[in-house]
Structures are given as C-alpha cells and as structure tokens.
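A quick write-up on the structure given underneath.
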Amino acid sequence: MLCLRMILRVVSVVWGVTLVVCQQAQFTTVTTNYGKLRGLRVAMPSEILGPVEQYLGVPYAMPPTGQRRFQVPEPPASWPGIRNATQFAPVCPQYLEDRLLLTDMLPVWFTANLDTVASYVHEQSEDCLYLNIYVPTEEGTLIKIHYFLIFLSVSDAHDDTGLKPVMVYIHGGSYVEGTGNMIDGSILASYGNVIVVTVNYRLGVLGFLSTGDQAAKGNYGLLDQIQALRWVKENIQAFNGDPERVTIFGSGAGASCVSLLTLSHYSEGLRQYTREVQAIQSFKYCSE
C-alpha cells in the first residue's frame, strides 16, 4: 500500500512537471523598442498550417484620456519587465444598444453584423489604442511546399533579408463601431507566411468629431491608424517582419480609411502597398 502511494506521488509529480513544461513551451517573448512582450504560441486546426505566435493587446500609443482626449496620439510609454500580451485589450467606446430599433430600418445583413460585433465589445474603455500581432512559424508539415511554390511563381515573395512581409488590417463599422479584435489573423498569417496586424482606433465622437477650429480638429481615428503604422515601422522587425514591406487593407469604412491614408502625407513611408476590400462603395464623391 505504501509503495502504491509512493508510485502515485511520483507519477503525479512527473505529470505535473510535464504539464508545466508544456504550458511554458506555449509562451514566447520578444523585445520591442518599448519593452519585452510575452506572447502565446497557438496551434492551427490543420496539419498544413504551422503554429502562430500571437501578441495581443499591444499598446501603440498613450491612452487618449484626460488631456489627451481629442488630441493627436502620442507614442506609448515604455514598461519595465515583461508585459503580458496574451489577451485582447478593451475596445474603443461604441454604442450598440439600439439594435432592436435598427432592425426595422436597416438590411438584415447589417443588423446581423451588429449582433456579431456586440459579442466582442462588452469590455470598453477610452484607453483602447492597442494592436494585435500574428506571427507565422513555418512549421506545418505541408506548408513549406506551399511556400516553395509561391517563391517559384512570385519573384518578390522572398527577399535576401529573411524578413516577412506585413499586412495591417483596418476594421470597418461606419466609423462608429467595430474592433480589430474581431479579426483573427492566425490563418492568414500561417497560410500566407505573412505577419498580420489588426488595430483598434477611436470611433464615433471621440474619433471623428470636428468643431472646425483648434478645439477639436477631428479625424483622430485616422491619426490613430497612422500612429499604429508608425509603431509597426519602428518595431515589427523584432517579430521578424520587414518594415519596408507593409501592406494596409480593410473592409467597409476600413477600406475608406485605407483610401484616405494613401492621400495623407502623414502616412508617407509607413506603408508600401494598399488594398481596399469592399463589396459596396463606402462613400461617394459628389460635386454639384
């Protein structure tokens, strides 16, 4: 009986150590210009796709609260030690409680989208200027063959630096709702062998109100996106990303933002390519 108890204790200790080792192996750490980040290594649901390192809730600007409200975003402050980046940060303030009223006013596909968004926006805060980074590892059993075929067919898919191209996604939502947290960039990152970045930016009044004077110039949401691109330019190499190959793309209002960013001199040098993804034009240019 005593021997059995000893065996059970040994097995439990060994099993416990095994669990700890496995859990520790899931985490990864990178060093940015502002401090170290602890990310999470996540396996994909297919043997074709290699695991992806996720760094969630990474600050790219100071909290736009207090005196910083209705102001141009500032670079984030550095942090001591290792910052945990394994869960999403709160989303920017938005109001979706009138969905029942909107049901009679808007198409079904739009109201259904509101219900989906609502499940992601329970935790809100003005301190919301964060981004999420998805980094491929190239360890799938078949994915290397896929990469090899891409390299044969696309001359610029690989360069001598070994750094990966970067894709920054701007979410839509009519400038008043949505969050980059909704978009899981893991599959795209693993399948395309690219680093995917999703961004939260100020919405509604806090993001786009303009008084027409110096009190509130407006377009703070766009300035947030530019600051996010600036952060990517300065730090993405720590994730093995190429700061000279950054593509910005978006859907809906995010696609419109991409178009506007191509016209802004503030974003010059921060992105190389742009892609607008929208089934319906988000706005029209009119001259009467």
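Quick note: the coordinates plus some simple rules give every number you see, no bench work behind them. Keep in mind that this is a model prediction, so the values were computed, not measured. Cβ: placed from backbone, ideal geometry, glycine included. Neighbour counts: every protein chain shown.
Relative to the current alpha-carbon distance between A216 and T116, full extension at 0.36 nm per residue lengthens the span by 32.8 nm. Ordered by the count of other Cβ atoms within 10 Å of each Cβ, fewest first, I170, I133, I226 give I226, I133, I170. The HN-Hα couplings worked out from phi for segment 195-209 by the Karplus form 6.51 cos²θ - 1.76 cosθ + 1.60 (θ = phi - 60°) are 8, 10, 10, 10, 10, 9, 9, 4, 10, x, 4, 5, x, 9, 5 Hz, whole numbers, x standing for Gly and Pro. Between W79 and D127, the simple label model (points 7 Å from Cα in the Cβ direction) yields a spacing of 1.0 nm.
If packing is taken as the average count of other Cβ atoms within 10 Å, what order do 239-246, 211-218, 54-61 fall into, highest mean first? Mind dumping the intermediate values first?
On the way: 239-246: 18.9, 211-218: 10.6, 54-61: 22.1.
The densest-packed peptide leads the list: 54-61, 239-246, 211-218.
The H on the amide N of K36, modeled in the peptide plane, is under 5 Å from the matching H of R83, each at least 5 residues off or on a different chain. For segment 84-94, backbone phi angles converted through the Karplus equation (6.51, -1.76, 1.60; θ = phi - 60°) give residue-by-residue couplings of 6, 10, 10, 8, 5, 7, x, 8, 5, x, 7 Hz, Gly and Pro being listed as x. Multiplying the residue separation of H265 and Q26 by 0.36 nm and subtracting their alpha-carbon distance yields 81.9 nm. Distance between the pseudo-spin-label points of Q87 and M182 (7 Å out from Cα toward the beta carbon): 2.2 nm. As a proxy for reagent exposure, ranking L163, L263, L229 by other Cβ atoms within 10 Å from fewest up yields L263, L163, L229. Annotation: amide H of G241 within the under-5 Å range of K164, sequence separation 5 or more or interchain, hydrogens built in the peptide plane.
Neighbouring Cβ atoms within 10 Å as the yardstick, rank W231, W79 fewest first.
Numbers: W231 25, W79 13.
Neighbour counts put them in this order, fewest first: W79, W231.
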